[in-house]
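Structure, as structure tokens:
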Amino acid sequence: MAEIYDRYSSVVYAVALRVLGDTGAAEDVLQEVFLQLWRNPAAFDAARGSLGSWLAVITRNRAIDSLRKRRPETDIEDVVLSVTPDLAGEAERARAAEKVRGVMGTMASAQRSALEMAYWEGMSHSEIADKTGEPLGTIKTRIRAGLIALRKAFQT
Amino acid sequence: MSAHEQYAEDLALYALDALQGEARAQIEQHLATCASCRLELEQLRGDTALLAMSATGPRPPQRARQRLLDAVAREPRLPVRAPVPRRSWWGWLGWAATAAMVIFALSLWRENSALQQTLASASSQAAESTRELEELRKIAAPILQPEAQRVTLVAAKGPPQPQGKAFYLRNRGSLVFLANNMPPLPPQKAYELWLIPTSGAPIPAGVFKPDARGNASVVNPPLPTGTEAKAFAITVENEAGAATPTMPIVMVGAGE
């Protein structure tokens with residue numbers, strides 16, 4: 001566990017802190033995510049995706065649950081993702097983060113902010129639509145197109 | 001895009017854990033039966049992982065590491081589960097009788113539950129159902145009790161052949177499937193059961209892997225109600241399952 005923690009704690013903490021903006025709350029999420037993995041290691045299926053990516057997704061979801069003070073929506077065992085780069089190393093992660101920021105930078109600002117509000121603030125599409133005054137359908141389309149744009153950037 | 005277009009945008013929201021209420025229930029229902037949308041969901045989750053990975057910041061404080069390791073030392077760990085079939089004992093039972101019993105008992109239970117919610121005028125029927133359920137429990141006891149001796153009888157000569165038996169209630173969309181002597185599979189492959197309707201394309205009816213003894217079961221996979229089954233068939237697919245069967249059909253059986 002110590003080894004896994006040393007390898008992935010900085011990713012988990014960074015994601016939790018980005019969502020919550022509070023070091024104490026981020027530390028609690030960090031603790032919860034690693035404890036869940038310890039209690040139920042079988043929840044992570046190594047055949048489907050890398051541990052780093054999986055932890056990042058679980059952390060983001062838990063941090064949003066904590067931010068919105070709601071019960072977890074998805075069981076960790078149900079979070080399955082396709083194979084993505086593991087990015088365990090600092091240098092790899094820095095390069096990937098740079099690339100993601102590059103792709104986000106090329107998006108229209110309305111699309112970028114819709115994706116960021118949905119992802120980092122956990123806002124629903126209707127909340128985003130209310131905030132921006134745009135139709136629901138437009139918000140949905142932007143969010144999905146934003147994710148697909150990221151995928152494409154990492155496929156080439 | 002292989003995913004169904006009408007679900008594409010809601011799938012992205014679902015991947016972000018941002019879909020609630022009826023829309024969430026609808027997509028979960030669809031995902032249960034659609035392998036291509038499940039695949040798309042996994043990809044979208046992979047996309048969100050990329051986004052998550054873009055977060056950078058300070059390292060967690062040193063005390064967090066010690067706090068975790070202390071907590072871990074106090075925590076019992078769940079035993080690591082065996083991969084799929086979670087009900088391996090099924091194959092050992094006199095399974096035909098058991099499955100029929102399970103379906104029957106389930107339908108009785110449902111009827112019983114419904115009855116309890118109706119007015120007192122129905123109470124005598126409910127009591128009757130309860131009595132029948134009690135009767136069934138007595139009959140099922142020798143089959144379900146762990147200490148019962150279980151023997152499968154096969155032809156005296158020749159190697160054991162793979163066998164599968166499906167019990168299907170069309171009006172409820174309920175299905176119990178039990179198999180034994182199933183040959184082992186290559187890595188990353190699984191068997192997929194198909195309901196072949198009297199008209200239209202085969203419907204996925206569950207993905208399964210046999211245990212070390214070749215036993216497997218599928219219990220109540222998500223199926224539409226009211227579909228008349230002409231036959232059931234099994235193919236070998238990737239672990240995630242497929243939306244359409246990949247030939248060849250390795251086992252098939254029509255209704256008796």
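Since every read-out is calculated from the coordinates, none of them should be taken as a lab result. What you see is a predicted model; the values in this text were computed from it and never measured. Every residue, glycine as well, gets a Cβ built from its backbone with ideal geometry; the counts of neighbours run over all protein chains shown.
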Using alpha carbon positions and the Kirkwood radius, the Rg to Rh ratio of the range A:1-66 is 0.94
DSSP loop trypsin sites (Lys or Arg not before Pro) with at most 15 other Cβ within 10 Å excluded, longest remaining stretch of chain A: A:71-156
For the range B:163-254, with only Lys/Arg (+1) and Asp/Glu (-1) charged at the beta-carbon, what is the dipole magnitude about the Cα centre, in debye rounded to 20? 200 debye
What does the helix-only formula give at 222 nm for chain A: each DSSP H stretch with n ≥ 4 adding -39500 (n - 2.57), the total divided by the residues, and the result rounded to the nearest 500 deg cm²/dmol? -23500 deg cm²/dmol
Between B:Glu135 and B:Leu169, with labels modelled 7 Å along Cα→Cβ, what's the label distance in nm to one decimal, could you check? 1.7 nm
Bins of 10 Å, beginning at zero and ending with the bin holding the largest distance: percent of Cα pairs per bin for the range B:163-254, please. 18, 55, 25, 3
Can you sort B:His30, A:His125, B:His4 from fewest to most other Cβ atoms within 10 Å of each residue's own Cβ? B:His4, B:His30, A:His125
Return the ratio Rg/(2.2 N^0.38 Å) for the range A:89-156, where Rg is computed over Cα atoms only. 1.19
Counting all C-alpha pairs of the range B:190-243, share separated by more than 19 Å (%): 27 percent
